[in-house]
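A short write-up of the structure that comes next.
The values are calculated or read from the model by the stated rules, or taken from the named source; none is laboratory data. Quick caveat: nothing in here was measured; it's all calculated off a predicted structure. As a convention, Cβ positions derive from the backbone with ideal geometry for all residues, glycine included, and neighbour counts pool all protein chains shown. Heavy atoms of the whole protein, side chains included, go into the accessibility calculation; ligands, DNA and RNA do not. Shrake-Rupley method; radii C 1.70, N 1.55, O 1.52, S 1.80 Å.
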Amino acid sequence: MTLNGKPVELDVPESRYLSEVLRNDLGLTGTKVGCNEAECGICTVLVDGTPVSSCVYPAFKARGANVETIENLSNNGSLHPLQQAFLEHGAVQCGICTSGMIMTAKALIDDKGTSLTEDDISVALKDTYCRCTGYHSVVRAIMQASGHDVAPSPPQTRPASAAIGQARPNPNARAKIEGSARFTDDYDFPGTLYARTKRSGVPHARIRSIETSAASALPGVRAVLTHEDVPGHKRHGLVIDDWPVLCGDKVRYSGDAVAIVAADSDDIAAAAVDLIEVDYDELAVVGDAIQAARSDAPLVHEGRDDGNLLKHIKVDKGDIEAGFAEADVIVEQTYRTQATEHMFLEPECSIGVPAGYDPTEFGGVLDAAAVRGETAQHDKITIYVGSQIPYQDRSQTAAALGVEPDEVRVVATLMGGGFGGKEDITGQIHAALLAEKTGRPVKMLYSRRESLLVHPKRHATVIRIRTGAKKDGRLTAVQATLYGDAGAYASLSEKVLGRATTHAAGPYDVPNVKVDCFAMYTNNAPSGALRGFGVTQSCFAVESNMDTLAEKLELDAVEIRRINALDVGKTTSTGQVMRESVGLNECIDKVAADMRGNDFRWTWEEGSSRFAWGVAVAYKNTGLGGGAVDKAGAEVEAWADAGKATRAEVRISSAEMGQGLPGVLAACAAEELGIPIESVNVLLGDTDFCPDGGPTTASRQTFVSGNAVRLAAQQAAEKLAIDGDHVLVRYDYEAPETQPLGSGGDMHVAFSFCAQAALVEIDMNTGEVHVRKVVAAHDVGRAINPLTIQGQIEGGIVMCIGFALTEHYIQEDGKPWTNVMARYKIPSITHTPAITSHIVEHSASTGPYGAKGVGELPSIPTAPAITNAIYRATGVRVCSLPVDQDELLRAMREGSSTVELAWGDREPIPAIVPGGKR
Amino acid sequence: MTTASTNRWEHYYTPATVAEALEILRRYDGRARVVGGGTDLLVETRRGLHRPVEAMVDVTHIEGLDVITSDEDNIVIGCGVTHSRIVRDARILKYGMCLSESCGVIGGPQVRNVGTLAGNVAHALPAGDGTIGLLALGGEIEVASDDGIRWMPLQDSFKGPGKSFIDRYRQILTRLRFRPTAAGEGSAHHRVMRPQGLCLPIISVGVRLQIDDANTITDARISMGPVGPVPYLAEPAMEVLVGGPATNEQFVRAAEVALENVELRTSKYRASREYREQMVRTYLPVILNRAVERANGAAS
Ligand SMILES: Cc1cc2nc3c(=O)[nH]c(=O)nc-3n(C[C@H](O)[C@H](O)[C@H](O)COP(=O)(O)OP(=O)(O)OC[C@H]3O[C@@H](n4cnc5c(N)ncnc54)[C@H](O)[C@@H]3O)c2cc1C
Ligand code: FES
Ligand code: FES
């Protein structure tokens, strides 16, 4: 074939797919693989000018053809106009989809030239998915590259200083655009073995026996390990160590790991896994949180005092009875939210490299100067992984290996999306165990199927919520009862559902609040962190009730929110008095003004469609809070010339998953040192070189790591001013102290606020729902980089549209129905509405330059804004997500006022008792 | 659960003639399989849903079968022709609109750029979109085997869901054809989807109508899926239409008759029976009206 303009002759097996030949045989790793099932489109390359999915395109079909990949686009350092535009518009976040996007777009531009329209882009990119950007920046970039006059349009913010408030591409974006950025699977250590995991496949069973001899005997198999081969601690877990590294006595969900295999090839490893026989005594299954709470429910974990109750989380403020007695109107409803999946487009991959690994033994090269990668010395066991919490990967792996944490090194590679789904251990420990055992590098790459099966999901919840208010709209009391499906292992359930609990009265000043939340163990996939961290769920219930209340009181939906909105001087449901940085009212004003524009109508008809607006507001804590020590260490090394700083390197072990952290940290250092942002190099996530930046969760990185870098850089600048041309400063930043839940004190260092309005179109013939427009305003304290914030907001909104309309990780009695990507649709470009985004900046005095977190906030209120609009258009209140057009149409036809069945639900929402008494 | 083993073939052939392709199939005697774009077969193979074969015989490179041609009576589509090519073809846009529409909704561009209409037909799903479109047009297919080459009506190839009378280990669907719509004729296709779950239509409907100057329907074809194990030709509804006026009342009646004669089913996570019925009630008249508009447009 002709590849990127040059003829290539290859001698490869006829059974290979084009993606394999490109990536493995030719080392062209710019083409990525996300699913291997023709769904995601990120593997797109051009064959004779047309985009094809290389993962299902047989290499031999391309014989004699002209194949073009991302590597062909930039030559000698100059970028193709598309690449340049993607860079300028911030259309690259994690970057895993970027080459597929650009190649698809290239074919389109080659075909249409300047006659290209946004509709053409929508058609062409329909099956090329991006989980990060929400597609807006992608459309803008393609329009610009095709010759239209589309300048980047980051939202308006306060005037920028030298480095803060500057809209800039993320420093690592360029490599992603060129296809040279390396994600874990792009590393190719000489001598690598390939690993696979034997999964339980049954949700709940006692293990009678595990038979591995046939697998071990298969030629090419180098190691087969079971629970007996775990030398150290046999369980891991971020909060409670209840998750077996390898199951020995019992399995608790379908994705449990029972044995692991390393072999010469992935096919051999897969064949070996099929040869492992596990004999089970199957046990009765706990299928959901409500069933788990019944006294006769089977036990997921034996020997606990509370049965399947993982944690009862409470909020108690004021006098709830008195609050309702005072109310003129009370609204009560039970809602249900579904389990959802992160669908980061890069499946999990870990590579374990054994201590003392010598690449020359396997035909590689050793480079004494290299510190990481294929040519480097590895003096201790090292794990290459795209991880949200490198230091916890290290401690958990060390524990399993039975060694001290500093005997393990974790090198965080680029991450193709995380969204909370790459916080828990997946293959890290397994790869390390197999590397130790075999003395070879071991790559454990999950298939999409395995990724779907294994990693924690968003908690499915049932939420009963009662809201009381006076005639004038002032809230008097909110009582909420939540059941959350924690799945088989604790993961971050306590924290996530804690957030659902504390935010269950909404961003309002409510004098009397009572919330009871029950985190329940079940035999479903574990639940953990997913953007929004529990607040997405409770916000749906809170904001739905607020609209119902407004209707009963004949108040405007915007007005009722304004009346109750938190503000400086008001208190949250946990008793925290807000002293500063509450921009909620300004957010509401901005959104209302924009929505109301000219000829405003809440709802109208056009042909067979009905249109309506819906609004919702939200808030989200910044930082861990609740009394947890929230710290980050950062190193800043700076060089000066004649007393003036010239360049700097920032080192911190925080994770970049595409959200733009390196850009934020570089800006902080540049501002303090008085140097251009480009003169700051940011090194993230190598535990041997970078201080611990803590977990990338709870929208905390800008705040905590940003402060650490800012203060380190400040000291560096001071020292440089006094003497020398080179300094190294390490600063350990600790966020202001917070108080635990229940104490009534300051639970969090800051909160971010937002308001969103969604314009929704409902096809009255089919019940189909389309979001046409979203107007949003987010109070982020200070926008350090407006371009990346815009990306976070657009991406977050579109992700929440998925939560409202398309996504449901379906499990039937502990067995996932959602077992391939084709069964889980994330929003595509065709689901993307027009988005107008405003930035509000109410400074947080303790944040870096006033900034607070924004990563999660945008993906919280969009869903209730949509369902509130649906109610306004149809009179039907959707109580269970995601919206099912079949049920919605039925409700409209039958004139019923609620929909209790979401797509994928088998039963109506179960009744629960307020306060959870049974 | 088994880890999806990567079911592999040993040889991948791209024969240049039908004879060569048949010869390879004969040699492998059931251990080789015909493949078109592979967008169904290879995805399913990767998932471990097919018995492994030793060889794949790719029929998209056969000379003369990778083009759309027309003769006196028919528009003829070779088995190597992709959906993208069909959608862009000016003749099909003019004389077989419902095929263009139905191939145009399949997958995304990456799938349409390699997936073929022949593969869609041979895959024999109850609601393969291209198949529904071609069925409405009254399509025929040509099958080559050791016994020779023969044309047959499209609907005679369906055996059951995913099952075809074409033996995909020994026979090749070489060409597909239909009679172009003439003056007074129009066709249309529509499908209803949901944004979640599998990318399979809730209902896919195609129609072809012929009307005379007095607005009387002189010929009608209605195809639907999924309404049973195989793509369905709604003959009772067609009979209601022929000889009657091309009015909305008639179309509403045709929808009712179509529904009386089929047993729509509730399918898990896709649609309830009631919903499907409602969609037929709503959309069959809509696309019949559209076909009338097109018939009139073409006539004027
Ligand atoms: C993401 C995605 C979305 C899709 N969306 C849709 C959709 O919306 N609607 C829809 O209808 N389909 C859809 N499909 C299915 C598929 O793309 C189409 O059915 C396509 O037309 C199949 O054609 P192919 O050439 O790729 O067939 P292949 O996969 O090559 O073959 C399909 C079957 O037919 C046999 N076969 C193929 N060609 C011949 C021949 N010439 N003679 C004899 N046997 C043959 C094969 O052995 C196999 O059994 C989708 C697929 C994917 C991956
Ligand atoms: S479509 Fe090829 S990897 Fe997803
Ligand atoms: S940037 Fe598109 S998936 Fe991350």
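Listing for the model above:
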read-out: Whether segment B:128-247 is rounded, prolate or oblate, judged on the alpha carbon gyration tensor where a/c under 1.5 counts as rounded; value: oblate
read-out: Chain B: angle of helix B:18-28 to the longest principal axis, Cα-based, in degrees nearest 10; value: 60 degrees
read-out: Ratio Rg/Rh, restricted to segment A:430-572 and using Cα atoms, in which Rh is the Kirkwood radius; value: 1.19
read-out: Those residues of segment A:250-284 for which accessible area with every protein chain present is at least 10 Å² below the isolated value (1.4 Å probe); value: A:Asp267, A:Ala270, A:Val273, A:Asp274
read-out: Under DSSP loop assignment and at most 16 Cβ neighbours within 10 Å, longest GluC sites (Glu not before Pro)-free interval of chain B; value: B:73-262
read-out: Gain on full stretching of the segment that runs from A:Asp723 to A:Ala322 - 0.36 nm per residue minus C-alpha separation; value: 137.8 nm
read-out: Neighbourhood charge, 13 Å Cβ-Cβ cut-off, centred on A:Ala713 and excluding it, Lys, Arg +1 and Asp, Glu -1; value: -1
read-out: Total formal charge among the other residues, if their Cβ is under 15 angstrom from that of B:Arg31, Lys/Arg +1 and Asp/Glu -1; value: +1
read-out: Segment B:4-58, relative contact order in percent, only Cα pairs under 8 angstrom and at least six apart counted; value: 59 percent
read-out: Cα gyration tensor category, rounded, prolate or oblate, for segment A:377-417 with a/c compared to 1.5; value: oblate
read-out: Range of Cα positions in segment B:1-153 per principal axis (Å), largest first; value: 47, 37, 23
read-out: Cα-only radius of gyration and Dmax that characterise segment A:350-402, units Å; value: 12.3, 33
read-out: P(r) of segment A:209-250 over all Cα-Cα pairs, binned every 5 Å from zero, in whole percent; value: 5, 20, 23, 20, 15, 10, 5, 2, 0
read-out: Accessible carbon and sulfur surface of segment A:527-636 relative to its total accessible area, %, 1.4 Å; value: 47 percent
read-out: Taking the C-alpha atoms of segment A:2-179, convex hull volume expressed per residue in Å³; value: 119 Å³
read-out: P(r), alpha carbons of segment A:736-782 - 5 Å bins starting at zero, rounded %; value: 5, 16, 13, 11, 12, 10, 9, 9, 8, 5, 2, 0
read-out: Distance from segment A:230-266 to segment A:835-896 (C-alpha centre basis), Å; value: 38 Å
read-out: Part-to-part distance (alpha-carbon centres) for segment A:335-414 and segment A:568-639, which is given in Å; value: 37 Å
read-out: Segment A:794-918: projected area of the alpha-carbon convex hull, averaged over directions, in nm²; value: 12.1 nm²
read-out: Those trypsin sites (Lys or Arg not before Pro) in segment A:555-590 that DSSP places in a loop and that have at most 13 other beta carbons within 10 Å; value: A:Arg579
read-out: Å² per residue, accessible surface of the protein assembly as shown at 1.4 Å; value: 33 Å²
read-out: Crossing angle, helix B:273-299 versus chain B [Cα axis fit, 0-90 degrees, rounded to tens]; value: 80 degrees
read-out: Kirkwood Rh and Cα Rg combined as Rg/Rh, segment A:631-734; value: 0.96
read-out: Listed pairs A:Lys314/A:Lys631; A:Lys631/A:Lys815; A:Lys6/A:Lys106; B:Lys163/B:Lys268; A:Lys32/A:Lys495; A:Lys176/A:Lys644 exceeding 29 Å between Cα atoms; value: A:Lys631/A:Lys815; A:Lys32/A:Lys495; A:Lys176/A:Lys644
read-out: Debye log10 I(q)/I(0) for chain B, one point scatterer per Cα, at q = 0.09, 0.15 Å⁻¹; value: -0.44, -1.14
read-out: Cα principal axis extents for segment B:229-277, largest first, Å; value: 39, 21, 13
read-out: Peptide A:55-62, shielding by other chains (average Cβ, 10 Å cutoff); value: 6
read-out: Rounded if a/c under 1.5, otherwise prolate or oblate - segment B:185-295, Cα gyration tensor axes; value: prolate
read-out: Amide proton proximity set for A:Lys570, modelled H, under 5 Å, gap of 5+; value: A:Met578
read-out: Rg [Å, one decimal], Dmax [Å, integer] - chain A, C-alpha atoms; value: 26.7, 82
read-out: Mean ellipticity per residue at 222 nm, deg cm²/dmol - from DSSP H runs of n ≥ 4 across chain A, formula -39500 (n - 2.57); value: -7000 deg cm²/dmol
read-out: Within 10 Å of each Cβ in B:188-198, the average number of Cβ atoms from other chains; value: 6
read-out: Long-range Cα-Cα pairs in segment B:4-58 (distance over 15 Å), rounded percent; value: 44 percent
read-out: Projected-area average for segment A:424-505 over all orientations - Cα convex hull basis, square nanometres; value: 7.8 nm²
read-out: Distance in nm between pseudo-label sites at B:Glu72 and A:Thr836 (7 Å out along the Cβ direction from Cα); value: 6.4 nm
read-out: Cut-off 13 Å between beta-carbons: net charge of the residues surrounding A:Tyr731, Lys and Arg +1, Asp and Glu -1; value: -2
